[in-house]
1. Can you tell me which of Ala27, Ala138, Ala47 moves the most in a GNM of the chain? Springs connect C-alpha atoms under 10 Å apart.
2. Only loop residues by DSSP count here, and only those with at most 12 other Cβ atoms within 10 Å; note down the trypsin sites (Lys or Arg not before Pro) in the range 111-145 that meet that.
3. Say the cut-off is 30 Å between C-alpha atoms; which of Lys66/Lys179; Lys7/Lys102; Lys9/Lys102; Lys102/Lys142; Lys7/Lys142 go over it?
4. Stretched out fully, how many nm does the piece from Thr173 to Ala72 gain, at 0.36 nm a residue minus the Cα gap?
5. Along its principal axes, what span do the Cα atoms of the chain show, with the longest given first and each in whole Å?
6. Among Thr147, Thr43, Thr173, whose mean-square fluctuation peaks in a Gaussian network model of the chain (Cα, cutoff 10 Å)?
7. Using alpha-carbon positions, what is the distance between the centroids of the range 131-151 and the range 1-80, in Å?
8. FRET efficiency for Asp65 and Arg131, Cβ-Cβ distance as r, R0 = 22 Å, nearest 0.05?
Amino acid sequence: MEMYGPKVKIAVLCSGGGTNFQAIVNAAEAGLIPDGEVVLAVTDNRAAHVLLRAERLGIETAVFDKREYPRAVREESIAALLKEREIGLVVLAGFMTILSEKFVSAFEGRALNIHPSLIPSFCGPGMYGLRVHEAVLARGVKVTGATVHYVTEVCDGGPIIAQRAVEVREGDTPESLQKRVMREAEWVILPEAVETVCKRLRALQQ
Ligand code: GAR
């Protein structure tokens with residue numbers, strides 16, 4: 001399919017380390033995201049390491065800290081900034097704020113989330129970060145993984161775009177499992193899904 005129009009502008013929303021943000025930027029630098037460009041990193045945590053990563057890369061950052069803004073104001077500020085920067089795709093990469101139905105519907109089909117398990121297992125409200133891997137180990141499943149899905153008003157419930165399985169090993173800790181899931185699944189499928197959706201959005205721009 002031939003593409004017209006500019007690349008899709010991507011904003012990554014992140015509350016912590018930003019390794020998924022970094023994976024997207026690395027993929028873009030390697031030419032693997034020809035249909036999109038990361039132009040903005042937004043966080044709800046002033047201490048988030050993603051800020052250092054973005055600053056180092058010369059990517060604009062915006063902080064709407066949870067401790068400083070009430071949730072509704074934070075969300076409205078983020079929405080206004082995304083509009084102002086003409087963001088075409090929003091990527092939730094470890095963003096620990098659940099977004100309202102209003103926000104989500106404004107970005108229907110244009111917002112993705114990465115979750116560190118094979119949805120529908122180990123997902124939903126309260127299942128995030130290390131907690132997911134703790135629950136995986138407590139249940140004793142032998143295979144876990146990661147999922148990229150569209151964001152809808154149902155927490156972790158939107159249509160699935162990509163999944164990848166990862167083996168759980170004898171002696172795993174939540175931390176060792178988290179690292180393997182990131183390395184073998186998240187950092188692989190998220191950039192791929194970002195390109196898939198950017199390509200689709202660009203084709204729709206015509
Ligand atoms: C990632 O493992 C991501 O899948 C998870 O938070 C981590 C963020 O790491 N997200 C969730 O649990 C959402 N429910 P990062 O900041 O290094 O990308």
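Bear in mind that the values in this text are calculations on the coordinates, not laboratory data. As the structure is a computational prediction, the values presented were derived from the model and not from experiment. Cβ placement follows ideal geometry from the backbone for every residue including glycine, while neighbour counts extend to all protein chains displayed.
1. Ala138
2. In loop regions of the range 111-145 (DSSP not H, G, I, E or B), the sparsely surrounded trypsin sites (Lys or Arg not before Pro) are Lys142.
3. Working: Lys66/Lys179 26 Å; Lys7/Lys102 26 Å; Lys9/Lys102 21 Å; Lys102/Lys142 38 Å; Lys7/Lys142 40 Å.
Exceeds cut-off: Lys102/Lys142; Lys7/Lys142.
4. The span from Thr173 to Ala72 would gain 32.7 nm if fully extended.
5. 49, 44, 33
6. It is Thr173.
7. 25
8. Result of the calculation: an efficiency of 0.50.
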